[in-house]
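Heads up, the thing below is written out as structure tokens.
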Amino acid sequence: MYKVLLVDDEYMIPMGLKKIIDWELLGFEVVATAESANDALSIMENQPIDLVITDVTMPEINGLEFIEAAQKQQYEFEFIILSGYQEFSYLKSGLKLGAVNYLMKPVNKEELIHTLKNVEKRIKQQVDQKNQQEIYQENLLAQWLSEELEEKSEEEVLQLLGIDNKWTVIVIQIDRLATRSLDQWLKKKVDYFYIQQNLGDDSLFIILSKGALENNLFEYIENHFPRDNWWISVGESEVITEEVPTSYQEVKSNLQVHQFYNHQKRIIYSDEISKQDQELSLSEFNWFLHNNQLSESEATLKEIFQKIKLSEMSPEKVRQAAFLLFMNIRRELLLFEDDEYLEVIQKINQVNHIDDLELLLVATLKKEKQQSSYSENISQVIQIIQDNYQEELTLKSVSSQLYLNAMYLGQLFKKETKMSFSQYLNQFRIEKAKQLLLVPRYNINEISSMIGFNNTTYFSKKFKKTVGMTPKEFRESPLN
């Protein structure tokens with residue numbers, strides 16, 4: 001229903017207009033009447049109005065002056081002029097302001113109905129145009145904030161926001177059920193831009209504010225929504241337009257960190273975030289793991305997570321560390337089948353809280369503790385690999401040493417270790433390569449040869465597939 005305001009100093013006129021037609025049948029609802037321009041302006045200040053029907057001759061402020069004052073206050077509405085007598089100057093001024101029509105009193109029912117249908121068309125056209133423009137601007141701003149725009153489009157954004165303006169970036173993550181209410185509240189405000197994005201069960205509001213919005217916004221959210229249903233991250237104030245994307249990335253990162261570490265504080269300010277270089281060593285854990293000291297490995301794993309919590313590393317770096325920890329567990333203890341391996345990797349990428357990630361890896365390590373011992377034949381194969389991995393090893397050559405059928409040995413090896421002979425050999429070699437990469441004096445070509453790979457390109461390809469990064473990236477990683 002389009003909202004209608006009737007304005008006339010003769011109270012019987014609005015009463016008659018309300019009864020002359022079936023407004024609801026035409027898609028309109030008379031929500032208020034006023035006997036003066038001042039009363040009408042007060043009504044428009046407190047509720048949205050789509051159509052104003054006003055008498056042109058009223059005391060103090062006439063109808064056209066009232067329309068002009070409302071337009072200056074940025075209210076968006078259509079209007080129809082009423083008059084008891086025809087006067088060309090009023091007609092001309094009304095049309096100049098954008099009147100849909102000029103109706104003579106007493107109002108003709110058919111002409112009013114025809115005019116309302118025109119009003120409906122105009123409003124729909126304006127809404128469609130506005131929606132298209134808003135969608136275009138939202139997409140433009142979203143790409144700009146993510147630093148994905150070409151130079152020409154970026155100039156368009158700078159022109160839209162104003163190069164000399166200064167902004168505060170605010171990111172709100174809120175329960176999706178509260179989206180409509182917050183969206184309606186924001187639409188009533190000025191001096192800001194905002195983008196709304198869906199995020200699973202939540203919605204994300206990215207707001208660029210000139211400063212006047214913040215306190216009222218925070219008060220509104222705190223008073224209207226349950227405390228566990230929202231987060232707010234606030235960037236530095238008075239950031240120039242060109243630096244807004246950088247501020248946004250920082251604000252988003254701060255939000256992710258606070259959520260990841262289960263902080264109770266719901267409003268996060270950038271000047272409260274400590275910025276420090278974060279280094280984390282996994283070498284002690286890897287050593288205990290390699291030497292099958294599983295209790296010490298678990299204790300060290302918990303120490304690593306305690307350090308992570310104290311330093312508040314970014315969630316991305318924590319997941320990278322968790323991935324490396326898991327890969328080391330899998331390579332050293334060799335229990336997971338492919339589907340189990342992929343399931344754990346998926347969980348590492350999806351876990352939203354640091355405690356859940358720690359529990360996942362501790363549970364993985366405890367699962368490995370339950371590993372049964374290998375049969376004598378397979379234990380001998382593993383010993384041969386550990387002693388001779390630098391040489392050219394094949395299942396056929398190993399089976400010959402043990403006087404066993406190669407096909408039988410291969411099936412037995414796969415059954416007990418959950419991987420083929422070649423997979424086990426390659427993973428063992430890659431683990432040795434990781435240890436050697438921590439020694440600066442060896443270059444990658446030398447390491448490739450030292451662990452039994454004759455082709456450095458093939459070694460690098462296998463290393464990246466197994467570890468998730470190239471040998472060079474692994475050597476330069478701050479997690480080693």
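None of the figures in this text is laboratory data; all of them are computed from the coordinates on show. Everything numeric here is computed off the predicted structure, so don't read it as measured data. Backbone-built Cβ (ideal geometry, glycine too); neighbour counts: all protein chains shown.
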**Prompt:** For the chain, what is the relative contact order in percent, using Cα pairs closer than 8 Å and at least 6 residues apart in sequence?
**Reply:** 8 percent
**Of Y194, Y248, F260, farthest towards positive along the dipole that unit charges on Lys, Arg, Asp, Glu beta carbons give the range 162-272** = Y194
**Message:** Just to be sure I understand: if I project the alpha-carbon convex hull of the range 345-468 onto a plane and average over all orientations, what area do I get in nm²?
**Reply:** 9.5 nm²
**Asked** What ³J(HN,Hα) values, in whole Hz, does the Karplus curve 6.51 cos²θ - 1.76 cosθ + 1.60 give for the range 234-246 when θ = phi - 60°, with x put for Gly and Pro?
**Response** 10, x, 5, 7, 6, 8, 5, 3, 5, 9, 4, x, 5
**Request:** Return the ratio Rg/(2.2 N^0.38 Å) for the range 137-176, where Rg is computed over Cα atoms only.
**Result:** 1.33
**Prompt:** Along the charge dipole of the chain, which of V318, L208, V239 sits closest to the positive end, that is, farthest toward it, with unit charges on the beta carbon of Lys, Arg, Asp and Glu (+1, +1, -1, -1)?
**Reply:** V318
**Fill in**
Ranking Q386, L64, L26 by how far each Cα lies towards the positive end of the charge dipole of the chain (+1 on Lys and Arg Cβ, -1 on Asp and Glu Cβ), the top one is Q386
**Item:** Stretch gain in nm, segment E236-V127, where the contour uses 0.36 nm per residue and the Cα spacing is subtracted
**Value:** 35.8 nm
**Message:** As an exercise, identify the chymotrypsin sites (Phe, Trp or Tyr not before Pro) in the range 1-36 lying in DSSP coil whose Cβ has no more than 15 other Cβ atoms within 10 Å.
**Reply:** Y11
**Complete:** Across the alpha-carbon set of the range 425-480, Rg over Rh with Rh taken as the Kirkwood radius works out to 0.91
**Complete:** Among GluC sites (Glu not before Pro) in the range 165-266, those in a DSSP loop whose Cβ has at most 12 other Cβ atoms within 10 Å are E238
**Kirkwood Rh (inverse of mean 1/r, distinct Cα pairs), the range 2-126, angstrom** = 14.3 Å
**Asked** Based on Cβ point charges of +1 for Lys and Arg and -1 for Asp and Glu, what charge dipole magnitude is obtained for the range 283-369 about its Cα centre, in debye rounded to the nearest 20?
**Response** 180 debye
**Prompt:** How large are Rg and Dmax for the chain when only the alpha carbon atoms are used, in Å?
**Reply:** 35.3, 117
**Asked** What are the trypsin sites (Lys or Arg not before Pro) within the range 397-480 that DSSP puts in a loop, where the Cβ has at most 11 other Cβ atoms within 10 Å?
**Response** R441
**Message:** Using the Karplus curve 6.51 cos²θ - 1.76 cosθ + 1.60 with θ = phi - 60°, what ³J(HN,Hα) values do you get for each residue of the range 247-263, in whole Hz, with x for Gly and Pro?
**Reply:** 4, 4, 4, 5, 4, 5, 5, 4, 4, 4, 5, 5, 5, 5, 9, 6, 5
**Request:** With θ set to phi - 60°, apply the Karplus curve 6.51 cos²θ - 1.76 cosθ + 1.60 along the range 398-415 and write out the HN-Hα couplings as whole Hz, x wherever there is a Gly or Pro.
**Result:** 5, 4, 5, 4, 9, 6, 10, 5, 4, 5, 4, 5, x, 5, 5, 4, 5, 5
**Item:** Kirkwood estimate for the range 161-207, i.e. one over the average of 1/r between Cα atoms, Å
**Value:** 11.6 Å
**Asked** Taking R0 as 30 Å, what's the FRET efficiency between D228 and K188 from their Cβ-Cβ distance, rounded to 0.05?
**Response** 0.70
**Asked** Could you give the dipole magnitude of the chain about its Cα centre, charging the beta-carbon of Lys and Arg +1 and that of Asp and Glu -1, in debye to the nearest 20?
**Response** 2140 debye
**Message:** Less than 21 Å apart at the alpha-carbon level, and either on another chain or at least 8 residues along: which lysines does that give for K19?
**Reply:** K3, K105, K109, K117
